[in-house]
Protein chains: 2
Amino acid sequence: MTDDSDIRPGETCLHHAPPEDAWLQFIGVIHTPFLTRADCPRQGRANGPVCEVEVFGPWAPALEGIDAFETIELLYWLDRSRRDLLTQSPKSDGRTVGTFALRSPVRPNPIGTARVRLERREGNRLLVRGLDCLDGTPLVDIKPDRCAFTPQAPDKPGVS
Amino acid sequence: MTDDSDIRPGETCLHHAPPEDAWLQFIGVIHTPFLTRADCPRQGRANGPVCEVEVFGPWAPALEGIDAFETIELLYWLDRSRRDLLTQSPKSDGRTVGTFALRSPVRPNPIGTARVRLERREGNRLLVRGLDCLDGTPLVDIKPDRCAFTPQAPDKPGVS
């Protein structure tokens, strides 16, 4: 985490051992046609290739009812990213911007989020369009999309 | 993680020790007026109260440039949630649905996501509207909103 050798001019990083405040369990793995970072689109596209979200066996029952949603949100672990950059230079020109002002995979907690279209479910596998991540990316969470969910979550009475 | 005493009729849970596949570092804390779960709205609202997102000192430089975005995405750790439920009964009526078909805080990796409106930045604090989480919720990530970000991320040449 303190390797300065491969950062770009102007980039800055933290130099302390990070705290381990909470842990994640991987609940599946994502299969995409993107085998290198250069293959990955900058962002997923609605008309992108069909990708396969494989949910590990023990969690398969938690998919019950997912078919009702056309759009779902996926969270995944960008496991090949360094985590210590404070500022980054996406264009390698020495001009930097803060990590939190970028959707770069390099971040203190490298979690990617995507809204994807659920094409269909086959058992414990979801076939989706709209992903941008590398093949083999660990899966962290699946949620109905906020927008898709809205009609099903009326306001609680008495809570503003 | 194997306490069945407080689950609702029909709910199911996992009974094995979960793997610790990756760890998170908390990068800040969220201050909201919601002190109990009953206070929390089911979802954040654009016209909800102003909440304060406090970024811990070491990560403050990573906020550089965030002011350019009107809408940002926040990820936070729902630290008071159990993590072992496969199916849940939101209405406590014995009818269950899979955890991944709900936006419940109870999930294997209890990460909340919200799109919020950035009202203003004051140093290492962001004042935002649109949150639904409890006061004191640990902050995990800040990203420009996907939609807000789109115009700044043209397609890479040669990548479909």
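The values are calculated or read from the model by the stated rules, or taken from the named source; none is laboratory data. Please read these numbers as outputs of a predicted model, since none were measured by experiment. Here the Cβ is made from the backbone with ideal geometry for all residues, glycine too, and neighbour counts use every protein chain on show.
Here are the criteria: (1) within 20 Å of A:LEU134 (Cβ to Cβ); (2) surrounded by 19 or more Cβ atoms within 10 Å (Cβ to Cβ); (3) of a type outside the set (A, V, I, L, M). Tell me which single one A:THR96 does not satisfy.
(1)
Per-residue answers, yes or no, for (1) hydroxyl-bearing (Ser, Thr, Tyr); (2) more than 10 Å from chain A (Cβ to nearest Cβ); (3) touching a residue at least 60 places away in the same chain (Cβ under 8 Å); (4) at positive phi:
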position: B:GLY10; (1), (2), (3), (4): no, yes, yes, yes
position: B:ALA22; (1), (2), (3), (4): no, no, no, no
position: B:ILE27; (1), (2), (3), (4): no, no, yes, no
position: B:THR32; (1), (2), (3), (4): yes, yes, yes, no
position: B:ALA38; (1), (2), (3), (4): no, no, no, no
position: B:ARG42; (1), (2), (3), (4): no, no, yes, no
position: B:PRO61; (1), (2), (3), (4): no, no, no, no
position: B:GLU70; (1), (2), (3), (4): no, yes, yes, no
position: B:ASP79; (1), (2), (3), (4): no, no, no, no
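Search region A:84-99 for residues being over 30 Å from A:GLU20 (Cα atoms) and of a type outside the set (Asp, Glu), and hand back the single one that is modelled with the highest pLDDT.
So the first thing to find is which residues in region A:84-99 are over 30 Å from A:GLU20 (Cα atoms), and the list is A:91-95.
Still in the list and also of a type outside the set (Asp, Glu): A:91-92, A:94-95.
On the way: A:LYS91: 86, A:SER92: 82, A:GLY94: 83, A:ARG95: 90.
Restricting to residues being over 30 Å from A:GLU20 (Cα atoms) and of a type outside the set (Asp, Glu), the top hit is A:ARG95.
Could you give me the residue pairs with C-beta distances under 6 Å whose first residue belongs to region B:100-114 and is farther than 18 Å from B:LEU74 by Cβ and facing chain A (nearest Cβ under 8 Å), whose second residue is part of a loop (DSSP other than H, G, I, E, B) and polar (S, T, N, Q) wherever it lies, and which are 6+ apart or on separate chains?
Qualifying pairs under 6 Å: B:PRO108/A:GLN25.
Considering only region A:12-32, how many residues are surrounded by fewer than 13 Cβ atoms within 10 Å (Cβ to Cβ) and modelled with pLDDT of 90 or more? Even if it seems obvious, please write down each step before you answer.
Just the residues of region A:12-32 that are surrounded by fewer than 13 Cβ atoms within 10 Å (Cβ to Cβ), to begin with: A:15-17, A:19-20.
When the remaining residues are screened for being modelled with pLDDT of 90 or more, the result is A:19-20.
Counting residues in region A:12-32 that are surrounded by fewer than 13 Cβ atoms within 10 Å (Cβ to Cβ) and modelled with pLDDT of 90 or more gives 2.
State yes or no: is A:VAL55 closer than 17 Å to B:ASN109 by Cβ and more than 10 Å from chain B (Cβ to nearest Cβ)?
Taking the combined requirement at face value, the residue does not satisfy it.
Among the residues of region B:58-81, what is the count of those that are within 27 Å of B:ARG107 (Cβ to Cβ), of a type in the set (D, E, K, R) and touching a Lys or Arg at 6+ places or on another chain (Cβ under 9 Å)?
Looking only at that region, the number is 2.
Could you tell me how many of the residues in region B:105-140 are part of a strand (DSSP E or B) and crowded, with 22+ Cβ neighbours inside 10 Å?
Initial filter on region B:105-140 (part of a strand (DSSP E or B)): B:111-122, B:125-129, B:137-140.
Checking the rest, the ones that are also crowded, with 22+ Cβ neighbours inside 10 Å come to B:111-112, B:116, B:118, B:126, B:128, B:137, B:139-140.
Number satisfying all stated conditions: 9.
Being over 11 Å from the mean Cα position of the chain (by Cα), at pLDDT 95 or above, farther than 20 Å from A:PHE26 by Cβ and crowded, with 18+ Cβ neighbours inside 10 Å: is that true of A:LEU102 here?
Values: over 11 Å from the mean Cα position of the chain (by Cα): yes; at pLDDT 95 or above: yes; farther than 20 Å from A:PHE26 by Cβ: yes; crowded, with 18+ Cβ neighbours inside 10 Å: yes.
It is true that A:LEU102 is over 11 Å from the mean Cα position of the chain (by Cα), at pLDDT 95 or above, farther than 20 Å from A:PHE26 by Cβ and crowded, with 18+ Cβ neighbours inside 10 Å.
For the list (1) modelled with pLDDT of 90 or more; (2) under 21 Å from the mean Cα position of the chain (by Cα), I need the number of the one condition that B:GLY123 fails.
Among (1) modelled with pLDDT of 90 or more; (2) under 21 Å from the mean Cα position of the chain (by Cα), B:GLY123 violates only (2).
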